[in-house]
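Report on the structure given below.
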């Protein structure tokens, strides 16, 4: 049975699904189960909790995002956001030089414009909108709503050109990846590698993702957990279409009650926090709400409030605590507080993948797996161990290669030769590239663990890591 678990605000199916996977691990049935989550933070949290259950490696459930599942089903990966933005930027420059897209001439170089266009195209693709449909919709609304006709026409034409360029280069963005996954589910009768799929913490699902869920539920039992309460349209307006779509697919909705006990003030906040005009009752004395215009301003608002509290209430800095759900999302916390003269006692320890050497090893393995894609090679080159060893200015290299389409190892030598600013740089790039490729070739083919360790030692010796670390 396909179930839709609807939890109230403040509750979640995350812990319940983790517990069920842990129990399945003890009985040897979790290896063919999967848990889908929407963010890297939740994915890492789920993996850490499952590791604590001491589940054997061969029985460890798959924990992945919906995009990763789509990539697995499609059998290929989408282009990175950087590659997508480079493609759009090249299209804008080419067509602007030809006198096309006049509306964008004045803003094409504005910081963030290309990124905004890339996000718009992703939203259109995930909404299952084709370029021809967008053009038809714009024509249909002509004269009915107030709009900028020149802007809309240029957007539709750019969207069409972008799609044609993707097809010309045999590239896939996120929308094309989902379409390929849907085709794979429609055309293949092969059994999926899962006997049960759980989804948690999703709130808004685009039409293409809903189509993927509809195909999946016909092949494997699905249980989805969303935060949704009936009769609270002001809070769950964005979630209600997802609820209706899933119920329309045949999911059986189950509404859960709040099981956690909390003080009256917190219960009041749970009921009123996301109302259009939130208010605090007498029950919530001592708990205040800080309203922020957006996520980027959140740290500044909190830091200003902490500064005010310290001055008015005469608190010492060590008497104030700031609690974060995901510290990785607030990388400017120390800087924001330092600008206001507030000392912060924050752990200096970093997650493993944020440390230079472990990150280099993981980036190196990812580069081998992606067969020398632009993003994977650039990530390796930006490691201080690599850039110092090769003597390259990687930022300059990346800037010079912006106009090149690089999909794998074979594209790099020609791109380096075309974009080298002078003969000295060209020679340095070729010498460094040949040295890098020499070590890459040593990693090709299956090996034993002992051979793998020897290759890793050779790589670290080449990078002088033992000498650097003392």
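Okay, here's what the table says:
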| read-out | value |
| --- | --- |
| Test: residue in region 419-431 that is closer than 30 Å to residue 76 by Cα and under 30 Å from the mean Cα position of the chain (by Cα) | no |
| Condition met for residue 61 (closer than 30 Å to residue 170 by Cβ and within 25 Å of the chain's Cα centre (by Cα)) | no |
| The lone exception for residue 37 - which of (1) touching a strand residue (DSSP E or B) at 6+ places or on another chain (Cβ under 7 Å); (2) not assigned by TED's automatic domain parsing to the domain that holds residue 183 it fails | (2) |
| Per-region count, region 224-241, residues buried (at least 18 other Cβ atoms within 10 Å of the Cβ) and either assigned to a helix (DSSP H, G or I) or within 23 Å of the chain's Cα centre (by Cα) (or both) | 7 |
| Qualifying position, being in contact with a helix residue (DSSP H, G or I) (Cβ under 9 Å, 6 or more places away or on another chain) and in the same structural domain as residue 122 (by TED's automatic domain parsing), among 91, 50 | 91 |
| Any hit, region 200-207, residues being assigned to a strand (DSSP E or B), at pLDDT 85 or above and within 23 Å of the chain's Cα centre (by Cα) | yes |
| Exclusive hit being in contact (Cβ under 8 Å) with a residue 40 or more places away in the chain, farther than 30 Å from residue 90 by Cβ and crowded, with 17+ Cβ neighbours inside 10 Å, set 390, 463 | 463 |
| Helices (runs of 4 or more DSSP H) wholly inside region 298-383 that include at least 2 residues being surrounded by 12 or more Cβ atoms within 10 Å (Cβ to Cβ), in contact with a strand residue (DSSP E or B) (Cβ under 7 Å, 6 or more places away or on another chain) and touching a residue at least 60 places away in the same chain (Cβ under 8 Å) | none |
| Selection status of residue 445, without any contact (Cβ under 8 Å) to a residue 12 or more places away in the chain and exposed (fewer than 13 other Cβ atoms within 10 Å of the Cβ) | yes |
| Boolean, residue 46 is assigned to a strand (DSSP E or B), in contact with a strand residue (DSSP E or B) (Cβ under 8 Å, 6 or more places away or on another chain) and crowded, with 18+ Cβ neighbours inside 10 Å | no |
| Set 453, 428: member being assigned to a helix (DSSP H, G or I), in the same structural domain as residue 411 (by TED's automatic domain parsing), more than 18 Å from residue 376 (Cβ to Cβ) and touching a residue at least 24 places away in the same chain (Cβ under 8 Å) | 428 |
| Matching entry among 25, 31 (being within 26 Å of the chain's Cα centre (by Cα), surrounded by 15 or more Cβ atoms within 10 Å (Cβ to Cβ), in a helix (DSSP H, G or I) and not assigned by TED's automatic domain parsing to the domain that holds residue 160) | 31 |
| Contacts under 6 angstrom Cβ, first residue in region 201-214 being assigned by TED's automatic domain parsing to the domain that holds residue 251, partner crowded, with 21+ Cβ neighbours inside 10 Å and part of a loop (DSSP other than H, G, I, E, B), 6 or more apart | 201/37 |
| Residue match in region 405-418 (condition: more than 30 Å from residue 88 (Cβ to Cβ) and surrounded by 13 or more Cβ atoms within 10 Å (Cβ to Cβ)) | no |
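To keep it simple, each residue is scored yes or no on (1) buried (at least 16 other Cβ atoms within 10 Å of the Cβ); (2) in contact with a strand residue (DSSP E or B) (Cβ under 6 Å, 6 or more places away or on another chain); (3) in contact (Cβ under 8 Å) with a residue 24 or more places away in the chain; (4) on the phi < 0 side of the Ramachandran plot.
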site: 51; (1), (2), (3), (4): no, no, no, yes
site: 58; (1), (2), (3), (4): no, no, yes, yes
site: 63; (1), (2), (3), (4): yes, yes, yes, yes
site: 66; (1), (2), (3), (4): yes, yes, yes, yes
site: 70; (1), (2), (3), (4): yes, no, yes, yes
site: 75; (1), (2), (3), (4): no, no, yes, no
site: 88; (1), (2), (3), (4): yes, no, yes, yes
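The values are calculated or read from the model by the stated rules, or taken from the named source; none is laboratory data. Quick caveat, the model's predicted, so the values are computed rather than measured. When we count neighbours, we look across all protein chains shown, and the Cβ atoms used for this are built from the backbone with ideal geometry, even at glycine.
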